[in-house]
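Encoded as structure tokens, the structure appears first; notes follow it.
What follows is calculated from the coordinates using simple rules that are stated; it is not laboratory data. Note that the coordinates shown come from a computational prediction; the quantities given were computed from them, not determined experimentally. Ideal geometry is used to build each Cβ from the backbone, glycine not excepted, and the neighbour counts take in all protein chains shown.
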Amino acid sequence: MTGEQLSVLAERLKTAKRVTILTGAGVSAASGVPTFRGSGGLWRQFRAEDLATPEAFARDPVLVWEWYAWRRELIAGCQPNRAHEVIADWSKTFARCTVVTQNVDDLHVRAGTANLIRVHGSLWELSCWRGCGAPPWRDESVPLRPLPPSCPACGGPARPGVVWFGESLPPEAVDAAVRACDCDVFLTVGTSAIVYPAAGLVHDAKRRGAFTAELNLEPTPASGVVDVAIHGPADRLLANIAERLTP
């Protein structure tokens, strides 16, 4: 059945001009990027939900930055996998392709993905905790020192350039993602489909008439909504589809 579904999806992609791809943690799994949520995501005695909040940073910015510095060092040793490579290639070959990612590891960036929307920000970008007005900046130093790093404009503490629990997503990123739902094919790849508003995009795309497909290791709440749900590792499934698209 999976082979038949892959063929159906490949045929849809062959005639598509507007493609939108929503990606989650499953896209980076084959690169060795650890999962930082759930029972297996404990760091010391803390969960991500205990550290990725404005309240946690206000209480102990050094502790929060130690966790982010540890994540940065782990991810610095990871490389884009075949899933990232296929998506990067599609982002440049379809007439219009938008990639919306919930990941903050920037492996899509390193793979050369075009027209990328990072709705949750980036581990490699920083912003001023005080909100002094300085624009966010990029710092790929590993290890990152001192902790916490300082804002180059006001000298105050800097925070990671990611969206924390309890914070709103950047409006411009959300608006761009919603506009991208106006497409011929909408793929959700490696995402649990439970974190909103990103999880609602596939529903929006389907309402607009897009052919919708899920590629994920396990079934999700979106599996019963999409036109095709294919389960397996993202890197293997995307590589298979890419082969079917090769003349």
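Summary table
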{"read-out": "Rg over Rh [alpha-carbon atoms, Kirkwood Rh] for region 175-247", "value": "0.97"}
{"read-out": "Linear extension gain, residue 172 paired with residue 227, 0.36 nm per residue minus alpha-carbon span", "value": "16.9 nm"}
{"read-out": "For region 1-116, radius of gyration divided by Kirkwood radius, i.e. Rg to Rh on alpha-carbons", "value": "1.08"}
{"read-out": "Equivalent ellipsoid semi-axes, region 75-189, via Cα gyration tensor eigenvalues times 5, rooted, Å", "value": "29, 18, 11"}
{"read-out": "Isolated Cys residues of the chain, judged by Cβ distance under 4.7 Å to other cysteines", "value": "78, 97, 181, 183"}
{"read-out": "FRET E, pair residue 154, residue 49, Förster distance 25 Å, beta-carbon r, rounded to 0.05", "value": "0.25"}
{"read-out": "Mean residue ellipticity (222 nm) of the chain, computed from DSSP H runs ≥ 4 via -39,500 (n - 2.57), nearest 500", "value": "-10000 deg cm²/dmol"}
{"read-out": "Cα pair count fraction exceeding 18 Å, expressed as % - region 38-85", "value": "41"}
{"read-out": "Three principal axis lengths of the chain [C-alpha, angstrom, descending]", "value": "55, 34, 30"}
